[in-house]
There are 2 protein chains.
Amino acid sequence: MNPEDFRHFGHTVVDWIADYRATVESRPVLARTPPGAIRAALPPSPPDQGEPFAAILADLDRILLPGITHWQSPNFFAFFPSNTSGPSILAELLSAGLGVQGMLWATSPACTELETHVLDWLAHMLALPDAFLSSTDGGGVIQDTASSAALCALLAARERTTGGASNEHGLAACPPLVAYASSQAHSSIEKAVKIAGLGRTHLRLVPADAAFALRPDALLELIQADRAAGLQPFFLAATVGTTSSNAMDPVAALGPIARDHGLWLHVDAAMSGTAALCPEFRHFFAGLDFADSFNFNPHKWMFTNFDCSCFWVRSRAALIAALSILPEYLRNAATASGAVIDYRDWQIPLGRRFRALKLWFVIRHYGVEGLRREVRRHVALAQEFAAWVRDDPRFELAAPVPLNLVCFRHRAGDAANQTILDRLNASGDLYLTHTRLDGKLTLRMCIGQASTERRHVANAWRRFQQEADALV
Amino acid sequence: MNPEDFRHFGHTVVDWIADYRATVESRPVLARTPPGAIRAALPPSPPDQGEPFAAILADLDRILLPGITHWQSPNFFAFFPSNTSGPSILAELLSAGLGVQGMLWATSPACTELETHVLDWLAHMLALPDAFLSSTDGGGVIQDTASSAALCALLAARERTTGGASNEHGLAACPPLVAYASSQAHSSIEKAVKIAGLGRTHLRLVPADAAFALRPDALLELIQADRAAGLQPFFLAATVGTTSSNAMDPVAALGPIARDHGLWLHVDAAMSGTAALCPEFRHFFAGLDFADSFNFNPHKWMFTNFDCSCFWVRSRAALIAALSILPEYLRNAATASGAVIDYRDWQIPLGRRFRALKLWFVIRHYGVEGLRREVRRHVALAQEFAAWVRDDPRFELAAPVPLNLVCFRHRAGDAANQTILDRLNASGDLYLTHTRLDGKLTLRMCIGQASTERRHVANAWRRFQQEADALV
């Protein structure tokens with residue numbers, strides 16, 4: 001495709017997306033295609049000869065679109081959002097067009113330096129401790145997901161605790177390590193513990209309190225019992241805003257315990273981290289001074305399309321010691337000088353895209369105040385929705401609503417809630433998902449799309465009421 | 001940014017990329033900015049209020065572009081390419097615009113089903129064993145990089161060998177595992193061994209032969225010695241086209257050894273896998289019937305922009321057993337039915353982009369014959385370049401040239417080659433990198449850009465000759 005064809009078809013694709021974004025509201029949110037339907041519509045073999053671009057685009061509409069779940073719909077309230085915005089999409093396009101691979105500083109200084117710079121900006125914007133700034137011993141890096149960030153934190157902690165013996169000789173040669181996280185922590189912590197070779201039975205899922213937050217007293221008891229049994233506690237994952245119910249682990253109370261027992265404290269704020277933009281929500285992040293690492297995902301609630309997960313460490317030396325490799329074919333003068341960052345040593349993969357570009361576009365397009373405005377708008381909508389739930393005697397809130405996630409349920413029990421969930425999702429009017437709290441099926445309504453307005457939330461509540469009426 | 005503004009600025013960005021692609025040839029390939037220069041030009045604080053889109057784009061030109069190393073230049077011959085194409089860029093744009101997150105089948109059936117389908121297409125296109133097709137017990141998945149694919153293979157092997165005990169109880173409770181790879185294998189194998197908790201000292205770097213290919217006899221000796229010492233061999237990484245010199249490990253000879261000793265055989269063909277499109281190059285892949293997993297990167301040599309690494313396994317059950325998690329908030333009817341693939345269980349992270357779209361666009365745009373034509377063109381250019389080297393008494397080839405990578409050096413020794421390398425890269429006329437073979441500094445010339453024509457390669461050779469003249 002020559003530059004002129006690219007220009008022509010590029011305009012067509014931009015128009016397609018503009019139209020899609022203008023009309024996505026009217027599409028059924030959850031895809032309705034049964035398993036195998038998309039594949040059945042695709043030819044069994046690839047074409048021998050190239051096809052016209054228009055034919056490919058037509059098949060996107062005809063074959064694929066019915067099988068798309070519309071994550072960017074203003075009526076998408078499921079999971080945590082994976083939201084985006086115009087400036088982010090266009091920066092992703094520029095990143096693809098430049099085609100830069102930023103594994104080393106030398107392979108594109110602008111890719112590395114913009115990333116360091118924007119993560120410093122964000123550290124200030126979220127009022128993170130100075131220890132996470134690149135001007136100190138710490139620094140930030142973009143990971144693909146919070147799962148990968150948690151794994152990197154765990155590996156850095158493993159190497160710090162074993163003095164590098166794990167990387168060198170393996171875990172079989174190390175004291176038995178134990179990690180801790182809340183029973184409400186994200187499944188990625190268990191996955192990381194498995195990947196790192198520690199074994200699931202060496203992860204303690206610490207009991208939570210009535211608000212589903214990790215109990216410091218229970219943590220302390222477990223650590224003491226493990227120590228008494230000759231085990232080596234080394235890692236604590238705390239969550240500011242759990243996936244299940246947006247519970248807030250008390251970092252300020254957990255921090256001293258982690259410090260006293262030599263645990264690496266990783267704080268995962270995958271969605272809720274964005275709230276730290278607003279001073280009035282920063283109390284949820286009290287205690288971050290104790291954290292060895294911190295993570296939040298602009299691809300969840302900061303209008304930066306997936307994937308973009310920001311990860312800071314207090315000691316970049318500890319992270320690099322765990323993940324660094326330097327074969328001959330990657331050696332270069334800049335790396336040897338020590339004056340630059342080579343981000344390949346801060347992550348699991350070697351190669352990396354130019355992801356800082358979209359963060360830079362988003363922050364500049366919205367401005368800090370613009371981002372705060374959106375966060376406050378979403379939180380206000382969620383609080384209003386929670387008030388409607390509270391005022392309807394058929395429903396109950398199932399957990400505190402600190403920010404933009406409302407966990408609630410119909411009082412008639414699991415079957416009724418499953419019916420409401422299934423009927424609403426099948427209707428196409430909205431998409432939401434569930435969790436289980438206190439053993440009960442619980443509906444989750446997460447409000448975080450740039451395009452979600454009050455009318456979408458009000459309509460969702462109307463639909464819940466209708467389905468509640470229909471239960472009888 | 002509303003849809004109409006998106007349309008307007010989107011056209012501007014498309015035009016920017018079209019112009020960039022039309023003119024990239026004239027830019028110095030390797031960025032010339034010294035460390036810190038980009039950061040120094042960026043404001044220390046983010047803006048409080050949003051800025052006009054045009055101002056952001058202007059700063060892209062003014063501040064960032066001087067710090068870009070132009071990976072898409074036709075004069076980029078460094079590392080392995082990270083090449084791209086118009087249809088791939090536009091598919092990446094569509095993927096960003098749709099904003100789909102495909103962790104589960106249910107979160108967008110089209111994202112999952114197109115991926116399964118296109119990876120089946122590719123398995124046929126590369127003549128991979130039927131055991132890798134989704135209609136069997138195997139199947140394919142898109143990873144970000146070959147590093148992550150190797151890690152997934154290693155974890156699946158670890159769990160298969162330990163019967164799941166490693167995930168459950170940790171490596172301390174398992175027999176001492178040993179992995180094998182060529183001394184020429186990519187550094188990602190060592191990194192994976194460390195991440196998985198095995199320890200670097202449990203990776204045997206098997207000696208290579210004169211062509212830098214793994215020696216089966218040496219492998220067998222090491223396995224036997226390890227067994228005799230009470231260790232448990234479990235994993236072999238073979239490479240079809242090493243990063244250093246494009247060496248071809250003899251998979252057909254290694255396969256029976258892996259089979260006889262119960263090793264998981266992972267075959268990494270990160271760049272050279274694309275060559276299997278052409279029947280005349282498939283002899284390099286003989287023996288894949290023995291492989292438990294196979295990987296190649298369309299983002300290296302198949303015009304699909306980074307990241308896109310295709311990974312197949314013979315037993316998807318083994319991969320899923322190693323990586324599966326299922327918290328309550330991800331449960332859904334489709335997953336429970338067992339009738340669908342949830343790709344979150346095939347990879348390290350949980351979330352995932354709609355990457356199959358760009359593969360689908362690229363394959364349909366070029367057609368199988370069109371892709372073959374490009375591969376053959378690049379191989380022919382590399383062979384012609386190798387002939388020029390062979391015919392110039394000042395230079396020598398440093399390794400066989402099976403495909404599109406030429407490893408060569410000036411006969412005057414390391415200092416002369418370092419001078420040539422530094423001067424050419426500083427000139428901006430081309431960008432190449434080095435390796436070390438037989439202890440000697442060696443220049444690497446890798447030809448794999450869609451936009452590289454004979455004149456670019458001929459000019460590169462002319463520049464080598466000029467720098468050789470200047471040495472005297």
Filter result for B:L405 (surrounded by 15 or more Cβ atoms within 10 Å (Cβ to Cβ) and more than 20 Å from A:L326 (Cβ to Cβ)) = yes
Filter pass, A:A106 being closer than 26 Å to A:K358 by Cβ, at pLDDT 95 or above, small (G, A, S) and in the same structural domain as A:M248 (by TED's automatic domain parsing) | no
Working only within region A:147-171, note down all residues that are in contact with a His (Cβ under 9 Å, 6 or more places away or on another chain) and within 8 Å of another protein chain (Cβ to nearest Cβ).
-> A:S147, A:H169, A:G170
What's the number of the condition A:L222 fails, among (1) among the hydrophobic types (A, V, I, L, M, F, W, C); (2) assigned to a helix (DSSP H, G or I); (3) closer than 23 Å to A:G367 by Cα?
-> (3)
Taking only region A:247-301 into account, find how many residues are among the basic types (K, R), over 27 Å from A:T161 (Cβ atoms) and surrounded by fewer than 24 Cβ atoms within 10 Å (Cβ to Cβ).
-> 1
For region A:13-34, the count of residues that are assigned to a loop (DSSP other than H, G, I, E, B) and touching a residue at least 24 places away in the same chain (Cβ under 8 Å) equals 7
With respect to the numbered conditions (1) touching a residue at least 40 places away in the same chain (Cβ under 8 Å); (2) assigned to a helix (DSSP H, G or I), which one is the sole condition not fulfilled by B:G10?
-> (1)
Of all residues in region A:171-214, how many are farther than 24 Å from B:C152 by Cα, free of Cβ contacts under 8 Å to residues at least 24 places away in the same chain and crowded, with 20+ Cβ neighbours inside 10 Å?
-> 0
Under 7 Å by Cβ, and 6 or more places apart or on different chains, what pairs join a residue from region B:141-152 that is touching a residue at least 60 places away in the same chain (Cβ under 8 Å) and closer than 22 Å to B:E92 by Cα with one that is part of a helix (DSSP H, G or I) and small (G, A, S)?
-> B:I142/B:A356; B:Q143/B:A149; B:A146/B:S188
Quick check: is even one residue across region A:275-287 within 20 Å of the chain's Cα centre (by Cα) and over 19 Å from A:A213 (Cα atoms)?
-> yes
Quick count over region B:174-198, residues being under 22 Å from A:I189 (Cα atoms), out of contact with any strand residue (DSSP E or B) (no Cβ under 6 Å at 6 or more places or on another chain) and more than 7 Å from chain A (Cβ to nearest Cβ), is 2
Filter region A:219-241 down to the residues that are farther than 22 Å from A:G140 by Cα and not hydrophobic (A, V, I, L, M, F, W, C), then identify the one that is surrounded by the most Cβ atoms within 10 Å (Cβ to Cβ).
-> A:P233
Scan region B:348-369 for residues that are part of a loop (DSSP other than H, G, I, E, B) and at the interface with chain A (Cβ under 9 Å from one of its Cβ atoms) and report the count.
-> 7
Give region B:12-68 a look and list any residue that's touching a strand residue (DSSP E or B) at 6+ places or on another chain (Cβ under 7 Å) and either within 25 Å of A:V14 (Cα to Cα) or at the interface with chain A (Cβ under 8 Å from one of its Cβ atoms) (or both), or say none.
-> B:L30
Residues that are among the hydrophobic types (A, V, I, L, M, F, W, C) and either more than 7 Å from chain B (Cβ to nearest Cβ) or under 30 Å from B:G428 (Cα atoms) (or both), drawn from region A:80-107 = A:F80, A:L90, A:A91, A:L93, A:L94, A:A96, A:L98, A:V100, A:M103, A:L104, A:W105, A:A106
Matching entry among A:A412, A:A450 (being at pLDDT 95 or above and not in a strand (DSSP E or B)) | A:A412
Give the residue, chosen from B:R376, B:R372, B:R344, that is surrounded by fewer than 20 Cβ atoms within 10 Å (Cβ to Cβ), in contact (Cβ under 8 Å) with a residue 40 or more places away in the chain and part of a helix (DSSP H, G or I).
-> B:R376
Note on region B:345-359: residues within 14 Å of A:A96 (Cα to Cα) and touching a strand residue (DSSP E or B) at 6+ places or on another chain (Cβ under 7 Å) are B:R355
Hey, can you tell me all the residues within region A:347-369 that are small (G, A, S) and in contact (Cβ under 8 Å) with a residue 24 or more places away in the chain?
-> A:G351, A:A356
Residue satisfying condition, being in contact (Cβ under 8 Å) with a residue 60 or more places away in the chain, of a type outside the set (G, A, S) and within 14 Å of another protein chain (Cβ to nearest Cβ), within set A:T419, A:T335 = A:T335
Among the residues of region A:274-323, the number that are touching a strand residue (DSSP E or B) at 6+ places or on another chain (Cβ under 7 Å), in a helix (DSSP H, G or I) and at pLDDT 95 or above is 8
Does region B:237-250 contain at least one residue that is more than 30 Å from B:A382 (Cα to Cα) and not assigned by TED's automatic domain parsing to the domain that holds B:L441?
-> no
Tell me, which helices (runs of 4 or more DSSP H) wholly within region A:35-132 include 3 or more residues that are free of Cβ contacts under 8 Å to residues at least 60 places away in the same chain and under 24 Å from B:D5 (Cα atoms)?
-> A:86-98
In region A:1-11, how many are more than 7 Å from chain B (Cβ to nearest Cβ) and modelled with pLDDT of 95 or more?
-> 1
Is it true that A:G262 is in a helix (DSSP H, G or I) and not aliphatic (A, V, I, L, M)?
-> no
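The values are calculated or read from the model by the stated rules, or taken from the named source; none is laboratory data. The structure displayed is predicted, hence computed values, not measured ones. Glycine also receives a Cβ, built like all others from the backbone with ideal geometry; neighbour counts cover every protein chain displayed.
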